[in-house]
Amino acid sequence: MGVITDNLPGVLEPLPGGSVLVTAVDQLINWSRSNSLWPLTFGTSCCAIEMMMATGAARHDMARFGAEVARPSPRQADLLVIAGTIVKRMAPRLRTLYEQMAEPRYVMATGSCAICGGPFMYHSYTTIRGADEIIPVDVYVPGCPPRPEAFFYGLLTLQKMIREGESIRHPGERRRPVLAALPEGMTLDDIRKEMQDLLSHDANVNMTEAAAEGAHYSAELKDF
Amino acid sequence: MSVHVSTLQARISGESTASSPLSTEEYFVNMGPQHPSTHGVLRLVLRLDGETVREVVPVLGYIHRGIEKMGEHGNYRQFVHLVDRMDYLSALANNWAVTMVVEKAAKMETNDRIQAIRTLVCELQRIQSHQLWWGVFGMDLGAFTPFFYGLRDREQICDIFEKTIGARLTMNYIQPGGVMYDIHPDFVKDVKAFLTYFKSKMPEYDALMTENVIIQERLRGIGKLSAERAIALGATGPVLRASGVAHDLRKSEPYGLYSQVDFDVPVGTTGDCWDRYWVRMEEMRQSVRIVEQLIDNIPEGKTFLVKPAAKIKVPAGVHYSHVETARGVLGVLLVSNGKDAPYRIHCRTPNFNNLWCIGEMATGGRIGDLVATLSSIDIVVPDIDR
Ligand code: SF4
């Protein structure tokens with residue numbers, strides 16, 4: 001981050017009443033950050049259309065929340081809205097985009113695809129099951145596709161998170177006020193394992209059987 | 001027939017084809033996969049000579065989700081919702097393509113009410129799709145206002161769909177054996193209100209873009225595609241019609257209630273960007289005409305003729321049928337082994353062939369015209385990759 005924000009705590013803290021000052025500066029910085037998000041124009045599939053409706057259509061109009069300056073270059077953007085499915089071929093590019101973005105950067109995963117693979121969770125051999133396997137995600141917005149209203153709720157949540165989240169004392173460390181609790185007796189690893197079992201089970205196709213079955217259709221297909 | 005295949009590497013090391021003595025050294029530019037004008041994650045590799053485009057090579061696969069393979073794992077009803085996600089701007093037409101092939105193969109009955117509802121919602125969605133294209137096309141040319149106007153009017157159709165179907169984008173509405181729900185009691189009233197509203201807005205669209213000298217000068221004569229090449233490349237939809245070929249499945253192989261309504265198929269003459277623009281604008285008017293003729297005459301009857309949970313068995317064999325979506329011909333080839341799940345499904349999607357015309361259109365032109373040309377094809381990338 002910037003030279004000023006890096007050095008500011010060191011200068012301010014020793015002063016009398018310094019820590020109060022740091023908190024005040026934090027608030028000011030977070031407030032301005034939360035109200036001037038610059039999203040990257042990035043959309044891979046269906047959800048991108050609803051994002052367009054959310055940003056462009058006069059009924060919804062993202063400009064009300066100070067986030068309408070969509071930038072096509074990642075270097076000028078600080079909000080990455082993952083709108084759409086991420087497949088294996090796109091994953092490294094997504095990572096590159098994320099790394100090129102200016103600090104501090106925020107990520108919203110909109111749509112079931114970006115959360116867990118959505119409709120392509122089972123039986124698809126290419127989709128990444130959730131964008132958070134590649135980059136850290138701050139806010140998830142469920143839906144297939146999420147309505148513009150849902151997207152705005154996510155955006156407001158992100159703004160709330162930014163306002164309460166970071167301090168220049170520990171740059172890069174974020175407090176997340178909105179956390180969903182897991183049911184008792186269950187850990188994240190349990191869920192991961194269960195999902196992996198399911199997925200490997202899904203992918204089992206008996207190739208010999210399938211090929212034998214296919215032989216007679218290929219003959220039929222020839223004169224089609 | 002021999003197919004000439006050349007790898008990207010061969011092209012890079014190949015001889016310069018520039019004939020002018022002023023030609024400079026050729027170089028490559030990579031456009032995409034993250035680029036605001038590729039409407040998704042399409043990558044184009046451009047071989048340039050100064051400002052002149054020598055070759056455009058699309059590189060695909062950045063949103064390949066394996067939809068065709070996934071279709072083999074579920075039954076026929078479960079495949080319908082997956083095709084929504086291919087060309088999401090014509091989700092209903094995609095539903096219809098799958099429905100049609102299943103109904104034809106399994107000899108399922110429908111009635112006039114079902115067909116009328118299907119035709120109506122598909123035409124409404126064609127208008128909706130062209131509205132979005134119009135807005136985005138304007139934005140790609142550097143005009144921001146059309147984007148607001150197009151999306152403002154698109155919202156109105158979204159509202160109509162939401163009342164009846166419950167979704168704004170991914171519909172999953174047209175099913176083998178009928179449509180998921182009957183139309184909302186307000187449907188007729190809402191559609192009529194929309195038609196009145198939209199007909200008063202079309203002159204606004206024209207004043208803003210169609211009659212605009214800057215737009216006309218910008219689009220005329222660039223990105224030309226001859227009728228012969230369009231047919232050879234397998235282009236369909238507005239791209240083909242703009243080149244002067246009056247091919248529209250709604251006319252040539254009428255399905256639904258298209259044979260009972262009166263509408264024209266707009267065709268262009270030269271196949272340049274302007275023609276493609278004009279054809280789509282005209283298609284919106286024709287769709288309005290179709291909806292007007294049908295909206296007062298929706299017959300009575302049931303809207304679902306099989307039990308929703310009933311298993312559909314398709315006789316063994318190869319089945320095919322196709323529909324005209326907002327972008328061209330979507331064909332679904334189904335190989336069945338007599339069970340309740342397809343053995344193999346293949347979709348012949350319009351955008352795939354239309355995209356390949358970009359090489360023909362852009363080669364020899366200026367790089368400044370490339371974005372206008374690409375946008376005039378109106379591609380949806382997940383439909384290309386599937
Ligand atoms: S969540 Fe649904 S609408 Fe969004 S990209 Fe995935 S399939 Fe498309």
Report summary line: Counted residues in region A:119-146 being within 11 Å of the ligand (Cβ to nearest atom), within 11 Å of chain B (Cβ to nearest Cβ) and farther than 17 Å from B:Tyr62 by Cβ come to 6
Report task. Might you check whether a residue that is of a type outside the set (Val, Ile, Thr) and open to solvent by less than 10 Å² (accessible area, probe 1.4 Å) occurs anywhere in region A:4-19? Result -> yes
Requested in this report: Could you tell me which residue of region A:147-165 is nearest to the ligand (Cβ to nearest atom), considering only residues that are within 14 Å of chain B (Cβ to nearest Cβ) and open to solvent by less than 10 Å² (accessible area, probe 1.4 Å)?
Outcome: A:Phe151
Requested in this report: Evaluate region B:101-121: report whether one residue or more is polar (S, T, N, Q), within 21 Å of B:Ile384 (Cβ to Cβ), in a helix (DSSP H, G or I) and open to solvent by less than 10 Å² (accessible area, probe 1.4 Å).
Outcome: no
Query - Members of region A:84-108 found to be open to solvent by less than 10 Å² (accessible area, probe 1.4 Å) and closer than 20 Å to B:His39 by Cβ, listed by number - result: A:Gly84, A:Thr85, A:Ile86, A:Val87, A:Met90, A:Leu94
Query raised in the report: Pairs under 7 Å by beta carbon, first residue basic (Lys, Arg) in region A:125-142, partner outside any strand (DSSP E or B), six or more apart or different chains?
Result: A:Arg129/A:Cys116; A:Arg129/A:Gly117; A:Arg129/A:Met121
Report task. Kindly indicate the residue of region B:167-219 that is among the polar types (S, T, N, Q) and out of contact with any helix residue (DSSP H, G or I) (no Cβ under 8 Å at 6 or more places or on another chain) and also farthest from the ligand (Cβ to nearest atom) among those meeting that condition. Result -> B:Asn212
Query raised in the report: Residues in region B:72-91 that are more than 9 Å from chain A (Cβ to nearest Cβ) and either more than 16 Å from the ligand (Cβ to nearest atom) or modelled with pLDDT of 85 or more (or both): how many?
Result: 9
Query raised in the report: In region B:310-360, which residues are within 16 Å of B:Tyr76 (Cα to Cα) and more than 14 Å from chain A (Cβ to nearest Cβ)?
Result: B:Ala310, B:Lys311, B:Ile312, B:Lys313, B:Asp340, B:Cys347
Query raised in the report: Within region A:24-54, how many residues turn out to be crowded, with 21+ Cβ neighbours inside 10 Å and either more than 10 Å from chain B (Cβ to nearest Cβ) or in a helix (DSSP H, G or I) (or both)?
Result: 12
Report summary line: B:Phe161 passes all but one of the listed conditions (1) under 16 Å from B:Ile295 (Cα atoms); (2) touching a Lys or Arg at 6+ places or on another chain (Cβ under 7 Å); (3) open to solvent by 10 Å² or more (accessible area, probe 1.4 Å); the exception is number (3)
Report task. Of the conditions (1) open to solvent by 20 Å² or more (accessible area, probe 1.4 Å); (2) touching a strand residue (DSSP E or B) at 6+ places or on another chain (Cβ under 7 Å); (3) within 14 Å of the ligand (Cβ to nearest atom), A:Gly111 clears all except one; give me its number. Result -> (1)
Query raised in the report: Looking at this structure, is A:Val81 more than 10 Å from chain B (Cβ to nearest Cβ), within 16 Å of the ligand (Cβ to nearest atom) and open to solvent by less than 20 Å² (accessible area, probe 1.4 Å)?
Result: yes
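Residue by residue, here is whether (1) surrounded by fewer than 24 Cβ atoms within 10 Å (Cβ to Cβ); (2) of a type in the set (A, V, I, L, M, F, W, C); (3) more than 9 Å from every other protein chain (Cβ to nearest Cβ) holds:
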site	(1), (2), (3)
A:Ala58	yes, yes, no
A:Phe65	yes, yes, yes
A:Glu68	yes, no, yes
A:Pro74	yes, no, no
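The values are calculated or read from the model by the stated rules, or taken from the named source; none is laboratory data. As the structure is a computational prediction, the values presented were derived from the model and not from experiment. Because the Cβ atoms are built from the backbone with ideal geometry, glycine has one as well, and the counts that use them run over all protein chains shown. Please note that ligands, DNA and RNA were not included when accessible areas were found on the heavy atoms of the full protein model with its side chains. Shrake-Rupley method; radii C 1.70, N 1.55, O 1.52, S 1.80 Å.
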